[in-house]
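The values are calculated or read from the model by the stated rules, or taken from the named source; none is laboratory data. Owing to the predicted nature of the structure, the values given are computational and were not obtained by experimental measurement. Ideal geometry is used to build each Cβ from the backbone, glycine not excepted, and the neighbour counts take in all protein chains shown. Each accessible area value is taken on the protein alone, full model and side chains, heavy atoms only, with ligands, DNA and RNA left out. Shrake-Rupley method; radii C 1.70, N 1.55, O 1.52, S 1.80 Å.
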Amino acid sequence: MTASISPATAGPSSRTVHTIEAATPAWLRRADAWAERVSDRVNPILVKETRQALKSRQFVVTFSVLLTAALGWTVAGSLSMMPQIYTTPSAPRMLIGYYALLALPMLLIVPLTAYRSLESEIDDGTLELLSISALSPWQIVLGKLASASLQMMLYLVTLFPCVAYAYTLRGVDLPTLGLMMLILIVAGLFLTVFALALAPLAHGRSGRVTTLLTVILLLLISEYGVGTTVVLLILFGNPLPGAETVFIAIGLPLVLASLGHLCLTATAAQLTPESENRSSPLRLVLLGTTALVCGLAAYAIENRRFDSDFCIACYFIATALLTGLWAFASPMLAAESANLTPRIQRELPSSFASRVALTFLTPGPATGLVFAILGVVGIAALVPIGLDRLALNPDTRVPAQARTAFTELAIIIGSYYVIGLVLARWLVAVVRIKNHPRVELGLAAFIVVAVVMALVPFSVGLHLNDYREYPYSAWQVTNWAWTISQTANGSLPNKIKYGIVAAAVLGLLSAIGTVGERALAVRTETPDDMAAQPAGREA
């Protein structure tokens, strides 16, 4: 039996609550209701990770040491510059100390903690329990990243008064201070994402130790590089004009955000069961990153307000970034599993137009090989196009001889890479006959193919010439290292150039020829009994 309480019989505390609610403005009540609804939808991984992080000994010790060190540097640094601190600009020295204190947790401790958090979830088996819940791999990864971002925000808020105090000492302008904070935040977030991407790679005790040491080494190198950049910025200021500074301040975070999205997609793909499509999202993000970098480089090249040396630097940085990105991703795309589960087949494009446009986004080694080759060919084709656009600017100094040399280098390097991809793809196919390796084997197979192609002909030639120096000949055509050096010197015969390009074209045609009916699986319709099940119940 439930007793009802009327306003007349309500107690003093109930009447007080009703009075407070009546006195509260309507907009504040709506904001409170909205906050309550949002809090109910917050990623539970974020809530769990934040509670564990804020209660952990690591956070308490780091936060306490940071506060103590900031107080100590404020007192010691100020006293060490007395009495000149009243008359001489003293902000750079104090700001460098505060940056060192802030960079340690943001660029080292927080990314390492995020890596250990995800790695421990995989190692302890709790990730398997999360996988059978309603949480998706993306929610798990984003929850880890959001928790790390919240910790960074706490560190920034804690030392913000110290940075403001250093700014009042004169010697550093506000734009430089803003660039320093932007570099620190962007670098911290990207290193955290990169550390999370390496966490699923650890398998076995030796693998976990090796991956952990690799993460620590990369974080230390990154902290040194970022620290050097920030210290030089504080001491000597920003040497670039305003337009170029704005371009870097906007373009660099966009590129790092796109690369971070690619890393997060790869991390979520590694946590996704093999029954689902893990390849197509990666290829789409890879294409998006390539388009973004190409767009920024094209804007820098075509912008006549930028200095010519700055345009050339943007061109070469974009070329190097895209080359490294596709060189790293292509062998793994060509080493995917050929098994397409019924779930994946139900998600394949069904119409003729969609199959023509999205064929090479279909998972599988055959489509992955063609997709990778087309990407490599596209990057090689962009090299002469960018050089021609640079030459149209009268302020740039790109002679015709240099454009011809770089174009030939791009063609030869791209051709060798296509040949290596084809050979690595078939090597992985042989291994997959009796094994089920991971896609990282594609990268290892490509490295093995590259080493064999360069080392075997050189060793044979060295043996035939009694281990003495000998000139380059057509027998060294597979020796890509020597051939590329000959191309750079301009001494490679034309017949060898044409032979290398012809071999690459044959490799592309063979890759397209292997994309048969097995690789281009037709979409299957969802069975009626499975379509009648509620969402999330499909096996």
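Based on the mean of other Cβ atoms within 10 Å per residue, sort peptides 464-475, 156-167 so the most packed one is first. Could you put the intermediate results ahead of the total?
Working: 464-475: 10.1, 156-167: 16.2.
Ranking, from highest mean packing down: 156-167, 464-475.
Could you rank the peptides 404-410, 302-308, 258-264 by their average count of other C-beta atoms within 10 Å per residue, with the highest value first? Write out the running numbers ahead of the final one.
Working: 404-410: 16.6, 302-308: 14.0, 258-264: 19.1.
Packing order, densest peptide first, comes out as 258-264, 404-410, 302-308.
Counting only protein heavy atoms, what percent of the accessible surface of segment 383-439 is carbon or sulfur at a 1.4 Å probe?
Working: 2120 of 3180 Å².
Reported share for carbon and sulfur atoms: 67 percent.
Using a 1.4 angstrom probe on heavy atoms only, work out the carbon and sulfur share of the accessible area of segment 138-234 in %. Provide the component values of the computation, followed by the final result.
On the way: 3480 of 4440 Å².
Here carbon and sulfur together make up 78 percent of the probe-accessible area.
Compute the accessible area per residue over segment 394-511, keeping the other protein chains in place, probe 1.4 Å, unit Å². Write out the running numbers ahead of the final one.
Values: 7030 Å² over 118 residues.
On a per-residue basis, 60 Å².
Calculate, in whole percent, how much of the Cα-Cα pair population of segment 179-236 lies beyond 18 Å.
Of the Cα pairs, 43 percent sit more than 18 Å apart.
Under a 1.4 Å probe, what is the accessible area of segment 128-215 per residue, stated in Å²? Provide the component values of the computation, followed by the final result.
Numbers: 4170 Å² over 88 residues.
On a per-residue basis, 47 Å².
Could you compute the net charge surrounding V370? Neighbours are other residues with a C-beta less than 13 Å from the C-beta of V370; K and R count +1, D and E count -1.
Numbers: positive: R283, R425; negative: E336.
Spelling it out: positives minus negatives among the neighbours equals +1.
What accessible area per residue, rounded to a whole number of Å², is obtained for segment 270-337 using a probe radius of 1.4 Å? Display every interim value, and only then the final one.
On the way: 2890 Å² over 68 residues.
Normalised by residue count, the accessible surface of segment 270-337 is 43 Å².
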